[in-house]
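Chemist: Below is the structure I would like to discuss, written out as structure tokens.
Taken together, the values in this text are just the output of simple stated rules run on the coordinates, not laboratory data. If you're wondering where the values come from, they're calculated on a predicted model, not measured in any experiment. Every residue, glycine as well, gets a Cβ built from its backbone with ideal geometry; the counts of neighbours run over all protein chains shown.
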Amino acid sequence: MLKSCANWKCSSSLVGDWRIGKTSLLNTWAQQAQQKGCVVAMLSGEDSAAQSIQTFVEAITGLPASNEADHAAEVLVRWAQQQAKPGLPPLQ
């Protein structure tokens, strides 16, 4: 399922009982994606990165951002463009 989402540029939700292996599955997928040269940003909705638009964008990009949605989106777009690699689909 995760491979299909990566190929088709879609999203998915991974839900399940506590300690069933969701994070392990995501870590395995992330490792495989990184081996192919893809950029992977692992964030948890329970960490400080989920507190605001600003902290979310800064956690992904490492760049300063504001809590204003349009500015944060611009920071993400610029960062994604800088991460683009030949032979891989563009980050969106």
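Chemist: Listed highest first by mean packing, meaning other Cβ atoms within 10 Å per residue, what order do 49-57, 28-36, 70-78 come in?
Modeler: Peptide ranking by packing, descending: 49-57, 70-78, 28-36.
Chemist: Specify which residue in the list 63, 79, 53 is farthest towards the positive end of the charge dipole of region 43-86, using unit charges on the beta carbon of Lys, Arg (+1) and Asp, Glu (-1), about the Cα centre.
Modeler: 79
Chemist: Summing Lys, Arg as +1 and Asp, Glu as -1, what charge do residues with Cβ under 15 Å from the Cβ of residue 72 carry, residue 72 excluded?
Modeler: Result for the local shell: -3.
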